[in-house]
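Asks: If you scroll down you'll find the structure; I have some questions about it.
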Amino acid sequence: MIIQVPTLDELPALRAIERAAGEPFRALGMAAIADDEPPSLELLTEFQRAGRALAAYEEAGPGGGLRRPVGYLLREPVDGCTHIEQVSVHPDRAHRGIGRALIDRAERDGGRVALTLTTFTEVPWNAPYYARIGFRPLPEAELTPGLRAIRAHEAALGLDRWPRAAMRREPGWEGGQG
């Protein structure tokens, strides 16, 4: 697997990945999540230009060129941690370690500081998955000012209609690797 900052030409493919990754939420009664617009090209461009967007590619294509992205991650610094703003993998490529590879790379690129994210607690491919790869739910008392602001913004968007949590993984976590 190849993970790198996507090119500007690949940013529309990230939006398509996000749309496809949202579809499974329908089966959980979360159509509003499935219907949510992916990050805009302008926002993706900001992350890409800052080097805080990553895309995953399964293999090199003909002539050494890369195939289209199959997953992506957006990260930003929040309160001394690397905050994973978004990580999505195309459902056709799920269960292949792509999300974890993106998260592990974000940790390395972010300077080996703790990782944080916010997620749905009752969606199997959200909080339960993140717990399996070393994230722990943060109690309210451990939320940093930046995470509180992110959670408040999510609540304003209506995401708290479903249980959500902030989670954290300490730097250098290597559990579950075989």
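Asks: Take the residues in the range 132-178 that are over 13 Å from residue 83 (Cα atoms) and acidic (Asp, Glu), then tell me which one is surrounded by the most Cβ atoms within 10 Å (Cβ to Cβ).
Replies: For the range 132-178, the residue satisfying everything is 154.
Asks: Next question. For the range 98-121, which residues satisfy the criterion of being in contact (Cβ under 8 Å) with a residue 60 or more places away in the chain and either more than 17 Å from residue 18 (Cα to Cα) or surrounded by fewer than 18 Cβ atoms within 10 Å (Cβ to Cβ) (or both)?
Replies: 101, 105, 107, 112
Asks: Given the criterion in contact with a His (Cβ under 7 Å, 6 or more places away or on another chain), of a type outside the set (Gly, Ala, Ser) and modelled with pLDDT of 95 or more, identify the matching residue among 144, 116.
Replies: That would be 116, the only listed residue that is in contact with a His (Cβ under 7 Å, 6 or more places away or on another chain), of a type outside the set (Gly, Ala, Ser) and modelled with pLDDT of 95 or more.
Asks: Test residue 17 against the criterion of being modelled with pLDDT of 95 or more, in contact with a Gly (Cβ under 9 Å, 6 or more places away or on another chain) and either assigned to a helix (DSSP H, G or I) or buried (at least 17 other Cβ atoms within 10 Å of the Cβ) (or both), and give yes or no.
Replies: yes
Asks: Can you find a residue in the range 64-81 that is farther than 23 Å from residue 168 by Cα and among the small types (Gly, Ala, Ser)?
Replies: Checked against the condition, which is being farther than 23 Å from residue 168 by Cα and among the small types (Gly, Ala, Ser), the range 64-81 yields at least one hit.
Asks: I'm checking my understanding of the structure. Among residues of the range 93-121 that are charged (D, E, K, R) and closer than 14 Å to residue 57 by Cβ, which one is nearest to the chain's Cα centre (by Cα)?
Replies: 105
Asks: Looking only at residues that are under 17 Å from residue 106 (Cβ atoms) and touching a residue at least 40 places away in the same chain (Cβ under 8 Å) in the range 22-51, which one is surrounded by the most Cβ atoms within 10 Å (Cβ to Cβ)?
Replies: Filtering first and then ranking leaves 48.
The values are calculated or read from the model by the stated rules, or taken from the named source; none is laboratory data. Computed from a predicted structure; not experimentally measured. Virtual Cβ from ideal backbone geometry, glycine too; neighbours counted across all protein chains shown.
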